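The block underneath contains the structure these notes are about, expressed in structure tokens.
Just so it is clear, none of the values below were taken in a lab; they were calculated from the coordinates. Quick caveat: nothing in here was measured; it's all calculated off a predicted structure. Backbone-built Cβ (ideal geometry, glycine too); neighbour counts: all protein chains shown.
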Amino acid sequence: MTQKEIPWDELLEKAKTILREAADREEAMQHICALLHREVPHYDWVGFYMVDPLAEGQLMLGPYSGEPTEHVRIPFGTGICGQAAETRKTFLINDVKAESNYLACSPDVESEIVVPIIKGKELIGEIDIDSDTKGAMSENDQKLLEAIAGEVAEFF
Ligand code: SME
């Protein structure tokens, strides 16, 4: 399936339905991970990192779909996730192997996108997606994931 064939609008609607119908946040986030992992062929790992309310400047792994990762805690500023948390900006990386500040989850990963989840002025967490294909992420991915991040933020 090419970027063009992916039903981006439909995926956003499905994510909204999940958020409306889920019993709680954990369940909603888990189902969104499963949806994206299942429906988007170039998503090989889909997860949430959440700001730890008990440890300043630290992200902790939330719900995810894919292989387990050793990166269960990430300090702000470290790796792509930590940089996205620090700057509160989306990071779209075409070639992770060219990055100097990067934490590898699996040697198969080639590209990554990290989108912050912000409510008002507060960073809540982020959506992190890995792909085993180089240059897999585009502005379509960014648009969808920023929209989903906005919807998830409303849950907090
Ligand atoms: N690659 C991320 C670490 C998280 S794993 O991809 C699941 C990073 O550089 O922050």
- Message: Lysine pairs in the chain with Cα distance under 19 Å, only those 8 or more apart or on different chains: how many are there?
- Response: 11
- Task: Arrange the following residues from fewest to most other Cβ atoms within 10 Å of their Cβ: F155, F48, F91.
- Result: F155, F91, F48
- Message: Restricting to DSSP loop positions (anything but H, G, I, E, B) with no more than 10 other Cβ atoms inside 10 Å of their own Cβ, which trypsin sites (Lys or Arg not before Pro) remain in the range 64-156?
- Response: K121
- Task: Taking the Cα centre of the chain as origin, work out the dipole magnitude from +1 charges on Lys and Arg Cβ and -1 charges on Asp and Glu Cβ, in debye rounded to 20.
- Result: 340
- With charges set only on the Cβ (+1 for Lys and Arg, -1 for Asp and Glu), what does the dipole of the range 49-94 come to about its Cα centre, in debye to the nearest 20? 180
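I need to check one value: relative contact order of the chain, counting alpha carbon pairs closer than 8 Å and at least 6 residues apart, in percent.
Values: 290 pairs, mean separation 34.6, N = 156.
Computed over the chain, the figure is 22 percent.
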- Note on the structure: Highest mean packing first, using Cβ neighbours within 10 angstrom, the peptides 58-65, 102-109 sort as 58-65, 102-109
- Query: Along the range 104-111, what does the Karplus equation 6.51 cos²θ - 1.76 cosθ + 1.60 (θ = phi - 60°) give for ³J(HN,Hα), rounded to whole Hz, x for Gly and Pro?
  - Reply: 7, 8, 8, x, 7, 6, 10, 9
- Task: Take the Cα of Q142, step 7 Å along the line toward its Cβ, and report every residue of the range 104-131 whose backbone nitrogen sits under 12 Å from that point.
- Result: 113-115
- Could you give the distance between the Cα centres of the range 67-81 and the range 106-156, to the whole Å? 14
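Sort W8, W45 so that the residue with the fewest other Cβ atoms within 10 Å of its own Cβ comes first and the one with the most comes last.
In order of increasing Cβ crowding within 10 Å: W8, W45.
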- Item | Share of Cα-Cα pairs in the chain lying beyond 26 Å, as whole percent | 18
- Query: So what J values fall out for the range 8-24 if you push phi through Karplus, 6.51 cos²θ - 1.76 cosθ + 1.60 with θ = phi - 60°, rounded to Hz, Gly and Pro as x?
  - Reply: 4, 5, 4, 5, 5, 4, 5, 5, 5, 4, 4, 5, 6, 9, 5, 6, 7
